[in-house]
Amino acid sequence: MSAPLKAGASDVEQVFREQYGRALSVLVRSFGDIDLAEEGVQDAFTIAAQRWREAGLPPSPAGWIITTARNRILDRLRREASRPDRQAQAAVLHQSGEPEEELAVRDDRLRLIFTCCHPALAPSSQVALTLRLLGGLTTTEIARAFVVPEKTMAQRIVRAKAKIREAGIPYRVPSSAELPDRLRPVMAVIYLVFNEGYAATSGDRLAREDLCTEAIRLGQVLVALMPDEPEVMGLLALMLLIAARRPARSGLDDSLVPLSEQDRTLWDPVQIHEGQQLVRACLRRNIPGPYQIQAAINAVHSDAPTASATNWRQILALYDQLLVFDSSPVVALNRAVALAEVEDAEAGLAALDGLPLDTYYLLHAVRADLLRRLDRRSEAVAEYDVARVLTDNESERSFLEQARTTAAGPPSMTDSESS
Amino acid sequence: MTQYLLSVPMIDGAPPRLPDDMQQAYEGVARFNVELQSAGAWVFAGGLLPASSATVVRAQGGEVLMTDGPFTESKEHIGGVWIIEAIDLDAALAWATKAARACGEPVEVRPFQEIPEG
């Protein structure tokens, strides 16, 4: 027999990332108490970090963590046998007699996702709880990623857990009749986590990249748990296709590189392949929804070897379809961009008129770009100025400044402002 | 089982609803109450007269102080309540959805403290 390989810190870290939510959800079901389960799982990982370094990873790290955590919790309950409240809570949530087979574990994670994203919790709490309980992120990490003081985030999590307990938010998978309403906030939370990581309005960059990775991981878990939901596949595809462009998205000086100017050879081919396959698979079901359509739009972009080879006609048709599900002005703004490509900048500009997005920097950036193309330079410069003031994001701002300089052109070329 | 309070907040001085609308709400609520009772979820329900009819009583030492009007000076007061029994929040929210449809007003759901056993 060969000696087991010693596990490094990164092995333990990887097991932690992959198995935290699984282990926690099993123990929440067993004991009916989120805090108790969290302490148990955290204790188990602390022990694992020491033991695995010497003895190597056990054959089933997840099973080891669950068993160790369970024993720690039982020890603790025995020590605190005089505290009947814990037992009483356990009775509320406990689903008796379920064997701990893979199927049960699967359902446990799904239960926990639906509990964390219950519509009776505020969206900001849903996000925090999901990252904490399913992703195993610490309160500090979540606070840093969302640029919120740690104390605020800690209070948010404590309050959300108290509401689950006090209001009696159940730990179960919704019935199929409830599912459409209940799945929506789950997908919204995952996409919000992803966008927070990707769009990076401000804050620690590494913490934010973690958010993208975590959102994709949660998306993969959800697809595995609910393989019959095309929108769930659409959501994962959408995140993968957007994340694939990350390497091409910022220039050397950290400024934003727009899609039309990205070096497409830098796009991640594995993520694109996976994303496109998912898009094809969900479109075959023929139950379209907003995530699938957005994924399809991104799949069209990822199909084009160069920006000029983009099939804008198809993208425009997809935006028309998306507007049926989501008639928000932001979708209309994106449709206007596609329209400008299919027809001309004039048509795009006309489509922007009346959109109630005056405080949204992207509206002004798009209008500026279209005006520039029509050689209406002073108007373009004015719009770039508005856009620049409205964004908090450094890399977007520096992109807008460059674009403004280009639009302003050499002094002799500007139409009215030459000094 | 947990007991939940379903309350209907009303804004003082809000324009009165049309008679037909009110009639519909009465009938809807009556049907909802029957449904609650036959499901065994009913504990109590009732509508309240305007908050201006309220009196607040304070017992301070040996003295009792009474003041005219409601305790809170806000513009909103509870117009009616149900107390129901439900297995969990989802069940309570499902009843609240029916209640809100029946009475045509928003419904607040709030759990009661558990009654200690023994």
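The values are calculated or read from the model by the stated rules, or taken from the named source; none is laboratory data. If you're wondering where the values come from, they're calculated on a predicted model, not measured in any experiment. Cβ: placed from backbone, ideal geometry, glycine included. Neighbour counts: every protein chain shown.
Scan the stretch A:196-211 and tell me whether some residue there is out of contact with any Lys or Arg (no Cβ under 6 Å at 6 or more places or on another chain) and within 16 Å of A:Arg111 (Cα to Cα). There is no residue in the stretch A:196-211 that is out of contact with any Lys or Arg (no Cβ under 6 Å at 6 or more places or on another chain) and within 16 Å of A:Arg111 (Cα to Cα). I'm trying to understand the selection: among the residues of the stretch A:9-56, which are at pLDDT 90 or above, farther than 23 Å from A:Ile164 by Cα and crowded, with 20+ Cβ neighbours inside 10 Å? Hits for the stretch A:9-56 are A:Ala44, A:Phe45, A:Ala48, A:Trp52. Restricted to the stretch A:259-336, the set of helices (runs of 4 or more DSSP H) holding at least 2 residues that are among the hydroxyl-bearing types (Ser, Thr, Tyr) and within 20 Å of the chain's Cα centre (by Cα) comprises A:290-303. Quick check on the stretch B:63-75. Is at least one of its residues more than 14 Å from chain A (Cβ to nearest Cβ), over 21 Å from B:Ala41 (Cβ atoms) and surrounded by 14 or more Cβ atoms within 10 Å (Cβ to Cβ)? Yes, the stretch B:63-75 has at least one match. So, in the stretch A:140-178, exactly how many residues are charged (D, E, K, R) and touching a Gly at 6+ places or on another chain (Cβ under 8 Å)? Number of matching residues: 1. Note on the stretch A:357-389: residues that are hydroxyl-bearing (Ser, Thr, Tyr), crowded, with 18+ Cβ neighbours inside 10 Å and touching a Ser or Thr at 6+ places or on another chain (Cβ under 8 Å) total 1.
For the stretch B:76-89, a residue qualifies if it is within 19 Å of B:Ser38 (Cα to Cα) and either within 14 Å of chain A (Cβ to nearest Cβ) or more than 17 Å from the chain's Cα centre (by Cα) (or both), and the qualifying residues are B:Ile84, B:Glu85, B:Ala86, B:Ile87, B:Asp88.
The sole residue among A:Val173, A:Val158, A:Val148, A:Val127 that is touching a residue at least 60 places away in the same chain (Cβ under 8 Å) and away from chain B (no Cβ under 14 Å) is A:Val127. Kindly indicate whether B:Glu108 is within 14 Å of chain A (Cβ to nearest Cβ), buried (at least 17 other Cβ atoms within 10 Å of the Cβ) and of a type in the set (D, E, K, R). Spelling it out, it is not the case that B:Glu108 is within 14 Å of chain A (Cβ to nearest Cβ), buried (at least 17 other Cβ atoms within 10 Å of the Cβ) and of a type in the set (D, E, K, R).
From the set of residues in the stretch A:330-356 that are in contact (Cβ under 8 Å) with a residue 12 or more places away in the chain and farther than 17 Å from A:Ile297 by Cβ, which is surrounded by the fewest Cβ atoms within 10 Å (Cβ to Cβ)? Checked the stretch A:330-356; the qualifying residue surrounded by the fewest Cβ atoms within 10 Å (Cβ to Cβ) is A:Pro356. Filtering the stretch B:1-51 to residues that are among the polar types (S, T, N, Q), over 15 Å from B:Arg101 (Cα atoms) and either in a strand (DSSP E or B) or in contact with a helix residue (DSSP H, G or I) (Cβ under 8 Å, 6 or more places away or on another chain) (or both) leaves B:Thr2, B:Gln3. Quick one: in the stretch A:176-190, of everything that is free of Cβ contacts under 8 Å to residues at least 60 places away in the same chain and of a type in the set (A, V, I, L, M, F, W, C), which residue is nearest to A:Tyr291 (Cα to Cα)? The extreme case among them is A:Leu183.
For (1) modelled with pLDDT under 85; (2) surrounded by fewer than 22 Cβ atoms within 10 Å (Cβ to Cβ); (3) aliphatic (A, V, I, L, M); (4) in contact with a Lys or Arg (Cβ under 8 Å, 6 or more places away or on another chain), each residue gets a yes or a no:
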| position | (1), (2), (3), (4) |
| --- | --- |
| A:Pro99 | yes, yes, no, no |
| A:Asp107 | yes, yes, no, no |
| A:Leu112 | no, no, yes, no |
| A:Leu129 | no, no, yes, yes |
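Filtered by the rule that a residue be closer than 20 Å to B:Arg17 by Cβ and loosely packed, with under 13 Cβ neighbours inside 10 Å, the stretch B:48-62 gives B:Leu49, B:Pro50, B:Ser52, B:Ser53.
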